[in-house]
Each structure stands twice: as structure tokens, then as C-alpha cells.
Amino acid sequence: MKASAFSYARATSVVNAIELLVTHGDGAKVLSGGQSLMPAMNLRLISPELIVDICDIEELRGIAVTGDVVRIGALTRHVDLLNSPEIAAHLPLLTEAIAHVAHPAIRNRGTIGGSLAHADPAAELPACMVALNATIIVRGPTGERRVPAQDFFTGIYETALSADELLVAVESPIAQNNSAHFFCEFARRHGDYGIVGLAAQAVVEGELLTDLRLAFFAVGDRPVLAGAATKLLNVAVTSAVLSEASKALGEELDPQEDQQASVSMRRHLAKVLLARCVAALLDRPELRSGESL
Ligand code: FAD
């Protein structure tokens, strides 16, 4: 199918893009890499009157490390993240996760801003932002807002962005020296959206995991920061502790059924990922036996 007729404007600056969004309201859509927007338009799932192309706005591109914060511009492409030495050094979780986002052709065009604004609950990057405790920076007619990632995603394809706001950047604290990360997803083929996935980061102090952030994806309408399971893991982890955490995780997740997996299969896979994650973060392979819980 082809998209409905639409008007096109190439924004010259962030201010100009916001002016266009204010003027056209809900009828306008921002275009970044187009890897989600164009298929949705071609399938006529959406029919915007105006496309606001932001690809010429250089200030929205690039990766900068200042002190202990990494700032990533909204137009930074998936491939730029994958190849960035700064991201590999300071946010290794992201380097690992991005390799699972689609395929090279899509990673060459798709952007971090587009992925986060699109807010697919099965996407990798929203969960990574929640695991990293990142901040999403948005700009609108009244100025800039900084939204913690865990408050930014509000539902299936829904975010805290309003129609006249632009996602301009994300900022993430850099990984500490004693931190460890975990990323894994079950997908039918490498590059497909995950059936269930987990992005996690923690500080490892001896036998303890502190600051553990477990962000599951494809198990709800947005990335899910597991709270009850995390609290139970805030001690020296034994098989019994992991078993309790696994039970708590099953109770706090509310996954949906679709053609890929049933509710119970998603719960089971999330528990498998939890056991693998804790075993990997603590470097204790024997805890993987908890996979069968
Ligand atoms: P666009 O398509 O340009 O925009 C997406 C949405 O975000 C639109 O609603 C747009 O208006 C809005 N938007 C874009 N930028 C901004 C901004 N700066 N401020 C406000 N709103 C904005 N993604 C995954 O995460 N995992 C996958 O496994 C995966 N597999 C894919 C497989 C295929 C075959 C395809 C076609 C896509 C896949 N994707 C996957 C999606 C891909 O990662 C997209 O690149 C990404 O979701 C959107 O980025 P984009 O820059 O292309 O955004």
C-alpha cells in the first residue's frame, strides 16, 4: 500500500521544528530515520497531514561524555551507537543491546530518538534506558523538560511527549568501574523483536548486587522495572533467594498473549532470563539451575 497524501517540511532548527509542530498539532508527525513511521504510513495505520523532517538539524546528532554523564543526541543512529568507542567504554549494555535491534539496513537509518518516541513495548532501547536510569530530554514551546526514562513510557506506542514536543537527547550516568550488565532476549530470529527480553545493570560489591535495575521488555505495555524481585535480591543470593525472587517476578509481571507466546510462556521466559541474569552478574553459573523454577 501507499501512504495517504501528506505535506512535507524540512525543519532548519529545533525552534523551527517546534514551531511547525505547534502550528499543525496532532496533524503533524516528526520524521527521523523513518523505519517505523514510513511502514505505519504505508500501511495507513496513521495518516499525518504534515511530516516534519528533522534530519538536517545537526545539534540533534552525536555522542558526548561530560564528567560522569553520556549525552546522546536524538538523531544518533543505531549504527553510530553500535560503533561508538565512547558507548562501548561507558554504556556497554547499550553496545550489546543494539546488535539485537533489527538488521544492518534498519540500523543504518533508525535513530535512538525515533526508537524511544515510537515506544514499542518489545523494543530493546526503551528497556535499556530504564535499566541505565537514563533521562529523556524533550523540548517544546515552553522550554525543556527532563523526564526519567521509567516515567517516559506510558503505554503501547505512548510516551510522555506531547504533540508539540521534540525528543532532543538522552542522558545516562556512565557505568561505574564495579558495575556489571546483562542483556538477553528470546526472539525467533536474531534481529526480530524479542518475545521476552531483559536489560539489566547492577553494581557488584563482593557477593552483593546493589543498585540492581532489571528492565524487562515485551512483557507488558511498556518496559517493566521489576521491583519486588529486585528487593528480594538485595542479599547474598542463594538458590532459595532466587526462587523467591522468581516467584515475586511472576506475580508482578502482567504480560499479554499474542501470536508469538502465551501469558504463561512469557512469564516462564522472564523467569529464565532472571536466573541467567543473576548468575551472569555475580559470575556464579550454578545459579542458572534456577532457570527451571
Ligand atoms: P521514525 O520511524 O522516523 O519515527 C518513529 C516515531 O517516532 C514516529 O511516530 C515519529 O513521529 C516519532 N519521532 C521520531 N523522532 C522523534 C523525535 N526526535 N521527537 C519526537 N518524536 C519523534 N526496533 C527495535 O527496537 N527492535 C527491533 O528488533 C526492530 N526490528 C525492526 C525490523 C524492521 C523490519 C523494521 C522496519 C523496523 C524495526 N525496528 C526495530 C524499528 C527500528 O528500530 C526503528 O528505527 C525505530 O523504531 C524508529 O527509529 P526511526 O529513527 O526510524 O524513527
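The values are calculated or read from the model by the stated rules, or taken from the named source; none is laboratory data. Keep in mind that this is a model prediction, so the values were computed, not measured. Backbone-built Cβ (ideal geometry, glycine too); neighbour counts: all protein chains shown.
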The range 73-92 residues that are under 16 Å from residue 134 (Cα atoms), paired with ones that are within 11 Å of the ligand (Cβ to nearest atom) and assigned to a strand (DSSP E or B) (beta carbon under 6 Å, 6 or more apart): 73/169; 74/167; 74/168; 74/169
Can you spot a residue in the range 95-112 that is within 30 Å of residue 22 (Cα to Cα) and part of a strand (DSSP E or B)? yes
Six or more apart or on different chains, Cβ under 7 Å: which pairs go from a residue in the range 53-71 that's more than 24 Å from residue 17 (Cβ to Cβ) and of a type in the set (D, E, K, R) to one that's in a strand (DSSP E or B) and more than 14 Å from the ligand (Cβ to nearest atom)? Could you list them? 68/173
Output the number of the condition that residue 184 fails; it satisfies all remaining conditions of (1) closer than 21 Å to residue 102 by Cβ; (2) surrounded by fewer than 22 Cβ atoms within 10 Å (Cβ to Cβ); (3) within 11 Å of the ligand (Cβ to nearest atom). (3)
Do any strands (runs of 3 or more DSSP E) entirely within the range 155-255 hold 3 or more residues that are touching a Phe, Trp or Tyr at 6+ places or on another chain (Cβ under 9 Å), and if so, which? 196-205
Quick one: which of 70, 65, 79 is closer than 21 Å to residue 182 by Cα and more than 12 Å from the ligand (Cβ to nearest atom)? 70
Residues to consider are 161, 167; find the one that is surrounded by 23 or more Cβ atoms within 10 Å (Cβ to Cβ) and either more than 10 Å from the ligand (Cβ to nearest atom) or within 20 Å of residue 76 (Cβ to Cβ) (or both). 167
Which pairs have Cβ atoms under 7 Å, sit 6 or more apart or on different chains, and link a residue in the range 167-181 that is among the charged types (D, E, K, R) to one that is within 16 Å of the ligand (Cβ to nearest atom) and assigned to a strand (DSSP E or B)? 171/71; 171/135; 171/137
Given the conditions (1) under 25 Å from residue 198 (Cβ atoms); (2) more than 8 Å from the ligand (Cβ to nearest atom); (3) surrounded by fewer than 20 Cβ atoms within 10 Å (Cβ to Cβ), and given that residue 42 satisfies all but one, which numbered condition is not satisfied? (1)
Of (1) assigned by TED's automatic domain parsing to the domain that holds residue 265; (2) under 16 Å from the mean Cα position of the chain (by Cα); (3) among the acidic types (Asp, Glu), residue 211 satisfies all except one. Which? (2)
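Here's the yes/no breakdown for (1) under 13 Å from residue 131 (Cβ atoms); (2) away from the ligand (no atom under 15 Å from the Cβ); (3) modelled with pLDDT under 95; (4) assigned by TED's automatic domain parsing to the domain that holds residue 281:
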| site | (1), (2), (3), (4) |
| --- | --- |
| 199 | yes, no, no, yes |
| 207 | no, yes, yes, yes |
| 216 | yes, no, no, yes |
| 223 | yes, no, no, yes |
| 233 | no, yes, no, yes |
Suppose we filter the range 98-111 for residues that are more than 8 Å from the ligand (Cβ to nearest atom) and touching a residue at least 24 places away in the same chain (Cβ under 8 Å); how many remain? 3
Working only within the range 114-146, note down all residues that are under 18 Å from residue 199 (Cβ atoms), within 9 Å of the ligand (Cβ to nearest atom) and in contact with a Leu (Cβ under 7 Å, 6 or more places away or on another chain). 115, 116, 125, 126
Scanning the range 8-57 for residues that are outside any helix (DSSP H, G or I), among the polar types (S, T, N, Q) and either assigned by TED's automatic domain parsing to the domain that holds residue 113 or closer than 27 Å to residue 102 by Cα (or both) gives 32, 35, 36, 47
